[in-house]
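Scroll down for the structure; my scribbles are underneath it.
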Amino acid sequence: MPEVVVKGTKIHYLKENSRISNPDLRILFIHGGGGNASLWHKVMEELAKEYEPLAISLPGHGESWGEGMNSISAYREFLKDFFDALGLEKVILAGNMLMLEAPHGLSKVIHNFIRSLPNP
């Protein structure tokens, strides 16, 4: 599982080898409480036919270091830092409906990172 250091914390994520190379078609899957990136593995395999899927294990989940955060705004700031650490410019966000509250809030602050959001 690849990893990246985000503000001093080692974060693990999954990256499925895509059959295409198009940064406009990157999808980042975000798990809910108690989950981790591996929940999205099968979905990512299938989507790799048409997209570049990634899935993150948030801090304190899976093999990621650190502790879980206690607010949506903390996750919002963390996701911005994660995007920066990976050099992501545009992503499609997908995942657990509760955690998607963080991306929706995120889009208000750093809308230039968000290519698409699900319609809840």
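Where the second residue is exposed (fewer than 15 other Cβ atoms within 10 Å of the Cβ) and among the basic types (Lys, Arg) and the first is under 24 Å from residue 18 (Cβ atoms) and lies in the range 55-68, which pairs have Cβ atoms under 9 Å and are six or more apart or on separate chains?
That search, which allows pairs on different chains as well, returns 63/10; 64/10.
Name the one entry in 18, 107 that is at pLDDT below 85 and either surrounded by fewer than 13 Cβ atoms within 10 Å (Cβ to Cβ) or in a loop (DSSP other than H, G, I, E, B) (or both).
18 is the lone residue from the list that is at pLDDT below 85 and either surrounded by fewer than 13 Cβ atoms within 10 Å (Cβ to Cβ) or in a loop (DSSP other than H, G, I, E, B) (or both).
Anything in the range 31-46 that is closer than 22 Å to residue 72 by Cβ and modelled with pLDDT of 90 or more? List them, or say none.
35, 36, 37, 39, 40
Show the residue pairs meeting these rules: Cβ distance below 9 Å; 6+ apart or different chains; first residue within the range 6-23 and farther than 14 Å from residue 66 by Cβ; second residue aliphatic (A, V, I, L, M) and assigned to a loop (DSSP other than H, G, I, E, B).
14/1; 15/1; 16/48; 17/48; 18/48; 19/48; 20/48; 23/88
Please go through the range 42-79 and give me each residue that is assigned to a helix (DSSP H, G or I) and more than 17 Å from residue 11 (Cα to Cα), ordered by number.
42, 43, 44, 45, 46, 47, 72, 73
Yes/no per residue for (1) of a type in the set (A, V, I, L, M); (2) within 13 Å of residue 92 (Cβ to Cβ); (3) more than 14 Å from the chain's Cα centre (by Cα); (4) loosely packed, with under 13 Cβ neighbours inside 10 Å:
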{"residue": "27", "(1), (2), (3), (4)": "yes, yes, no, no"}
{"residue": "35", "(1), (2), (3), (4)": "no, no, no, no"}
{"residue": "39", "(1), (2), (3), (4)": "yes, no, no, no"}
{"residue": "55", "(1), (2), (3), (4)": "yes, yes, no, no"}
{"residue": "61", "(1), (2), (3), (4)": "no, no, no, no"}
{"residue": "65", "(1), (2), (3), (4)": "no, no, yes, no"}
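The values are calculated or read from the model by the stated rules, or taken from the named source; none is laboratory data. In this text, all values refer to a predicted model and were calculated from it rather than measured experimentally. Using ideal geometry, Cβ is built from the backbone for each residue, glycine included, and neighbour counts are taken over all protein chains shown.
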